[in-house]
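Peer 1: First the structure, then my questions, so here it is.
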Amino acid sequence: MNRKRILIGIIGLVLVCGVGGLLYWSQSQPEISQLSGDSLVKELDQRSSVTEAELTDLQTREEWDAVRLVLQDQKVTPTSEQFATAVTLAPLDVIEAYFQQELDPFEEVNGMPIITPLFSENGSREQWELAMRYVEDERMLGIAVDSLNLEAVTHLLDEGYTIVDPETVLMQPVRHNQVELTKLLLDNGARWTKTMEQTAKDYNSDLILKMGN
């Protein structure tokens, strides 16, 4: 009977010590949301993982060094929505870290593929070149065309990419009266259809209309 009581006492003591230790450990860890800069990166470097919500907080506060660290060290599994946010806001090294997470860059977030902003007509060449380093897919050409990025379209065609839908690929260039881009696409397999002719008339794209005829 005494042995049983002693055993129960030992088990109880172990449980109390364990719970107390966990409570002390959790209280001794500073809140990530209260840190920034080098102190934040140092704290994250010591942690084995962070939560999805914590990653969102880091991106909201634009703590990009911290975001890059947690991605490269695989301390969190990011979401497509977080990838899409980074593509529009983050520096290239952080976007590259996202490309290494095996997320689908063509998944639609807010109605468009994640990588679309990298092909913005007013964006930098380094952005779409980064996408090309990690993605080999004919759909990139369509995104570049719809973004009216003549330089990116030219490069993709030179690399051997082909037009997926020859009958509809001209829609955005014609609507925006992009003469040079339209000619490039026609020279590389795009088809001039009655729909494109009517679109050119609707948008007063006279030079393109002459080109199609």
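The values are calculated or read from the model by the stated rules, or taken from the named source; none is laboratory data. Note that this is a predicted model, so its numbers are computed, not measured. FYI the Cβ positions are ideal-geometry reconstructions off the backbone, even for glycines, and counts take in every protein chain you see. We work out accessible area using only protein heavy atoms, side chains counted, and drop any ligands, DNA or RNA first. Shrake-Rupley method; radii C 1.70, N 1.55, O 1.52, S 1.80 Å.
Peer 1: With labels modelled as points extended 7 Å from the Cα through the Cβ direction, what inter-label distance (nm, one decimal) is found for ASN110 paired with ASP206?
Peer 2: Result: 3.8 nm between the two label points.
Peer 1: Computed from these coordinates, which is semi-axes √(5λ) of the Cα gyration tensor in Å: (1) 26, 24, 14; (2) 56, 16, 14; (3) 35, 19, 15?
Peer 2: (2)
Peer 1: Extending each Cα 7 Å along its Cβ direction at GLU121 and SER49, get the distance between those two points in nm, one decimal.
Peer 2: Between GLU121 and SER49, the simple spin-label model gives 4.6 nm.
Peer 1: While we're looking at this one, here's another question. Of the listed peptides 87-95, 169-177, what is their order by residue-averaged count of other C-beta atoms within 10 Å, with the highest listed first?
Peer 2: Peptide ranking by packing, descending: 169-177, 87-95.
Peer 1: Still on this structure, I have one more. Counting only pairs 8 or more residues apart or on different chains, how many lysine pairs in the chain have their Cα atoms under 25 Å apart?
Peer 2: Numbers: LYS42/LYS75; LYS183/LYS194; LYS183/LYS201; LYS183/LYS210; LYS194/LYS210; LYS201/LYS210.
Lysine pairs satisfying the spacing and distance rule in the chain number 6.
Peer 1: Can you give me the % of accessible surface on segment 73-161 that is carbon or sulfur? Probe 1.4 Å, all protein chains present, nothing else counted. Can you show the working numbers first?
Peer 2: Values: 1720 of 4280 Å².
Whole-percent figure for carbon plus sulfur exposure: 40.
Peer 1: Next question, about the same structure. Largest first, how would LYS183, LYS210 line up by accessible area (1.4 Å probe)?
Peer 2: These residues rank, largest area first, as LYS210, LYS183.
Peer 1: Roughly how many whole Å is it from the C-alpha centroid of segment 114-129 to that of segment 74-111?
Peer 2: Spelled out, the Cα-based centre of one part sits 14 Å from the other.
Peer 1: Considering only protein heavy atoms, with the full assembly of protein chains and a 1.4 angstrom probe, order TRP64, TRP128 by accessible area, largest first.
Peer 2: Ranked from most to least accessible, the order is TRP64, TRP128.
Peer 1: Show that you can apply the helix-only estimate: for the chain, add -39,500 (n - 2.57) for every DSSP H stretch of four or more residues, divide by all residues, and state [θ] at 222 nm to the nearest 500.
Peer 2: -18000 deg cm²/dmol
Peer 1: Keeping all protein chains in position, work out how much accessible area ASP73 exposes to a 1.4 Å probe, and write it in Å² to the nearest 10.
Peer 2: Here the accessible area works out near 80 Å².
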